[in-house]
Amino acid sequence: MHDPVKAQQNIIEDFSLFESWLDKYQYLIDLGKTLLPLDKSEKTDDRLLHGCQSRVWLIIEGDSNELTIRANSDAAIVSGLIALLIRVYSGASAQKILQTPAKFITAIGLQQHLSPTRANGLHAMLQAINSAARSFLPEEYAGAPNWKPGFKD
């Protein structure tokens with residue numbers, strides 16, 4: 001089973017290899033280039049994420065035991081942010097997603113180096129993933145913490 005905590009630790013280690021934020025941005029852009037493209041038929045308005053300045057198409061499929069996240073953007077850095085979120089959450093159970101805030105964002109200093117519009121877009125992506133994970137669980141499920149997706153615990 002995919003472990004989002006371990007995935008975040010790996011991201012923190014990867015980003016620690018770079019000294020400058022210019023290099024970290026380039027790494028982020030390179031990560032975005034590794035995203036599998038969505039088919040043109042999947043880039044529909046109902047899959048466009050609201051709250052992002054860039055266009056982001058987000059598809060979350062699966063069941064409560066394993067969610068698969070696929071997404072694309074028309075912006076390079078946003079594509080890199082998507083790649084990080086996919087790396088952390090895709091393949092995890094809905095419950096594990098809800099129990100795992102995106103602590104790597106603060107740990108690598110990303111929130112300090114994003115423009116306000118990109119930070120809002122990242123928050124919107126995290127909210128969408130959290131909301132989708134909740135939707136895969138029964139209504140009576142009460143074990144998921146009410147963490148607010150974002151940059152803090």
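Picking from residues in the range 94-108 that are free of Cβ contacts under 8 Å to residues at least 60 places away in the same chain and assigned to a loop (DSSP other than H, G, I, E, B), the one that is nearest to ALA133 (Cα to Cα) is GLN99.
Every residue, every condition in (1) in contact with a Phe, Trp or Tyr (Cβ under 6 Å, 6 or more places away or on another chain); (2) surrounded by 19 or more Cβ atoms within 10 Å (Cβ to Cβ); (3) charged (D, E, K, R); (4) at pLDDT 95 or above, yes or no:
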| site | (1), (2), (3), (4) |
| --- | --- |
| HIS50 | no, no, no, no |
| ILE60 | no, yes, no, yes |
| THR100 | no, yes, no, yes |
| ILE105 | yes, yes, no, yes |
| PRO116 | no, no, no, no |
| ALA119 | no, no, no, no |
| ALA144 | no, no, no, no |
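Are any residues in the range 13-48 under 20 Å from THR106 (Cα atoms) and loosely packed, with under 13 Cβ neighbours inside 10 Å, and if so, which ones?
The answer is GLU13, SER16, LEU17, GLU19, SER20, LEU22, ASP23.
Restricting the range 1-48 to residues that are part of a loop (DSSP other than H, G, I, E, B) and of a type in the set (A, V, I, L, M) leaves a set whose member that is modelled with the lowest pLDDT is MET1.
Look at LYS103 and say whether it is over 12 Å from the mean Cα position of the chain (by Cα) and among the basic types (Lys, Arg). Answer is no for this residue. Of all residues in the range 63-90, those satisfying the criterion of being in contact (Cβ under 8 Å) with a residue 60 or more places away in the chain and buried (at least 19 other Cβ atoms within 10 Å of the Cβ) are LEU67, ILE69, LEU84, ARG87, VAL88, TYR89, SER90. If only residues of the range 54-81 that are over 12 Å from the mean Cα position of the chain (by Cα), charged (D, E, K, R) and assigned to a strand (DSSP E or B) are counted, the one that is nearest to GLY121 (Cα to Cα) is GLU61.
The values are calculated or read from the model by the stated rules, or taken from the named source; none is laboratory data. All figures in this text were calculated on a predicted structure; none of them were measured in a lab. So basically every Cβ, Gly included, is an ideal-geometry build from the backbone, and we count neighbours across all protein chains shown.
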